[in-house]
Amino acid sequence: MIGAPKSSVHGLAKGLVATGYFREDKGRYVVGPAVSTLLAAGPSALPAVYHHALEELTQTWGETSMLATLVGDSVVYIDTVESPSIIRASPTLNERLPLWPRSSGKCFLAAMSPERLETYLRRNKTLPVGREQILDELSKVRETNTGFNIGESIADHISIASPIVNGTAPATLAIALVGPKSRMEENMDQIAKSVRQTAASPSSPAAS
């Protein structure tokens, strides 16, 4: 027992869930994936099923798959399975990256409370697109459970992500697939469906 009021502890725990340092699992709090960014020692307390899900997704589409987490106002990739192709995406693990315009970052932004999203927008007034465009795109992300980054970070690459939702807690994990436009552009709808299915049920094989 720590002797603090339950309401205070609950608020602190929710904040740690929102930033990825805790995960909420059936009403209990466990160490979250963001802790690995402090230790720089790979995913912390993550079920092996997530890595298997990445392997299945990469095997299905031949592109690089990633597990991303929310850390403060940043995206951090904490696991990846790279494409076997010579030309491929090769993300750096355990490095803080801006939420916008990354596909996983858009998923996290879309899941934020209105208050937290407003705070983020106030802090990041120099984003390359306007507020209304951001809000409109995030509305679509909520509707479809899918975030897209079409050449916004790397001109000739596409990234498609979907959040891993755990009950009513805001999403702090997402699965993404990224690769060259030349290989992904014609199959974006099918890939998006596959990524959503993988994020919704990591233990099930990705469907084409």
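Observations
Here is a yes/no grid of residues against (1) in a strand (DSSP E or B); (2) modelled with pLDDT under 95:
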| site | (1), (2) |
| --- | --- |
| S153 | no, yes |
| P163 | yes, no |
| P170 | yes, yes |
| M188 | no, no |
| I191 | no, no |
| V195 | no, no |
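- Checked against the criterion of being within 12 Å of the chain's Cα centre (by Cα), in a loop (DSSP other than H, G, I, E, B) and of a type in the set (K, R), region 65-88 has no qualifying residue.
- Region 149-191, subset surrounded by fewer than 24 Cβ atoms within 10 Å (Cβ to Cβ) and among the polar types (S, T, N, Q), residue farthest from C107 (Cα to Cα): S182
- Verdict on T144 being polar (S, T, N, Q), modelled with pLDDT under 95 and open to solvent by 20 Å² or more (accessible area, probe 1.4 Å): no
- For region 96-126, the candidate set comprises residues that are of a type in the set (F, W, Y) and part of a helix (DSSP H, G or I); within that set, the residue that is surrounded by the most Cβ atoms within 10 Å (Cβ to Cβ) is F108.
- Filtering V81, V129, V76 for residues that are open to solvent by 20 Å² or more (accessible area, probe 1.4 Å), touching an Asp or Glu at 6+ places or on another chain (Cβ under 9 Å) and at pLDDT below 95 leaves a single hit, V129.
- Taken over region 33-64, the criterion of being at pLDDT 95 or above, part of a loop (DSSP other than H, G, I, E, B) and buried (at least 23 other Cβ atoms within 10 Å of the Cβ) is satisfied by E63 alone.
The values are calculated or read from the model by the stated rules, or taken from the named source; none is laboratory data. It should be emphasised that the depicted structure is a prediction, and the values quoted were computed from it without experimental measurement. Heads up, the Cβs are rebuilt from the backbone with ideal geometry, glycines too, and the neighbour counts pull from every protein chain shown. Surface accessibility is based on the protein's heavy atoms, side chains included, excluding ligands, DNA and RNA. Shrake-Rupley method; radii C 1.70, N 1.55, O 1.52, S 1.80 Å.
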